[in-house]
Ligand code: E4P
């Protein structure tokens, strides 16, 4: 399963890229406001930090403008995946952009039926927002399981991206349910690395060895 960082902050991307655990980055207009420098500069920096898979979202809402904006975003780099909202206009733009070979990430997906439509129209990625479904008292992960089953039934190649991740548990659920990608906030990726028993265990190993008086091997 691929892991993406859900952030427009270059410093966060740099740290996670240095760890080698991220395969891409997702941004959205809200995250863009937290980019630190200007959003433009932040995106250029992020594009230089990762090998591939940087989702950049359009700000237009009518299909013709979305198509133009998507084409311009795609020209920034081969690494760009154009993020489109899953509205009727977004579907029209998806069709046009995917026909011309531009990779798309269909965002704000909340149902299996929306995911079925975007797969039929050639989306590269579908982004169901699990955390936001949980927020309104639904079981967000059910949608991931449903989409996985539908895509496997019909051999759709659209990648399922578990979005709106709120915790390490979500990441485990994404992997267990067969999502292709999970996009995580910086703090969730940090929590994936750490386990208190790892720290306690390492301290004991080193204390025991130090107390033994043995020489290190090298
Ligand atoms: C995904 O691409 C979105 O940017 C993101 O996962 C949204 O998460 P949120 O619901 O925590 O804002």
- prompt: Within the stretch 17-69, how many residues turn out to be over 13 Å from the mean Cα position of the chain (by Cα) and more than 16 Å from the ligand (Cβ to nearest atom)?
  reply: 25
- line: Here the residues within the stretch 110-125 that are free of Cβ contacts under 8 Å to residues at least 40 places away in the same chain and within 16 Å of the chain's Cα centre (by Cα) are 110, 123
task: Could you grab me the full set of residues in the stretch 181-198 that are touching a strand residue (DSSP E or B) at 6+ places or on another chain (Cβ under 8 Å) and buried (at least 20 other Cβ atoms within 10 Å of the Cβ)?
output: 181, 182, 183, 184, 189
Helices (runs of 4 or more DSSP H) (entirely within the stretch 3-58) containing at least 2 residues that are touching a helix residue (DSSP H, G or I) at 6+ places or on another chain (Cβ under 6 Å): 10-19, 39-49
message: If a residue must be more than 16 Å from the ligand (Cβ to nearest atom) and either buried (at least 20 other Cβ atoms within 10 Å of the Cβ) or more than 17 Å from residue 59 (Cβ to Cβ) (or both), how many such residues does the stretch 75-94 contain?
response: 5
query: Does the stretch 141-156 contain any residue that is closer than 27 Å to residue 19 by Cβ and either buried (at least 20 other Cβ atoms within 10 Å of the Cβ) or within 15 Å of the ligand (Cβ to nearest atom) (or both)?
result: yes
query: In this structure, is residue 106 closer than 27 Å to residue 132 by Cα and part of a helix (DSSP H, G or I)?
result: no
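Yes/no matrix, rows are residues, columns are (1) within 13 Å of the ligand (Cβ to nearest atom); (2) in contact with a helix residue (DSSP H, G or I) (Cβ under 7 Å, 6 or more places away or on another chain); (3) outside any strand (DSSP E or B); (4) under 18 Å from residue 178 (Cβ atoms):
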position	(1), (2), (3), (4)
96	no, yes, yes, no
116	no, yes, yes, yes
122	no, yes, yes, no
127	yes, no, no, yes
Residue identified as out of contact with any strand residue (DSSP E or B) (no Cβ under 7 Å at 6 or more places or on another chain) and surrounded by 15 or more Cβ atoms within 10 Å (Cβ to Cβ) among 201, 178, 137, 213: 178
- line: Taking the stretch 157-183 and keeping residues part of a loop (DSSP other than H, G, I, E, B), within 12 Å of the ligand (Cβ to nearest atom) and either out of contact with any helix residue (DSSP H, G or I) (no Cβ under 8 Å at 6 or more places or on another chain) or over 21 Å from residue 119 (Cβ atoms) (or both) leaves 165, 166, 167
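Each reported figure results from applying straightforward, stated rules to the coordinates on display, with no laboratory input. It should be emphasised that the depicted structure is a prediction, and the values quoted were computed from it without experimental measurement. Note that we place each Cβ from the backbone using ideal geometry, even for glycine, and neighbour counts take in every protein chain shown.
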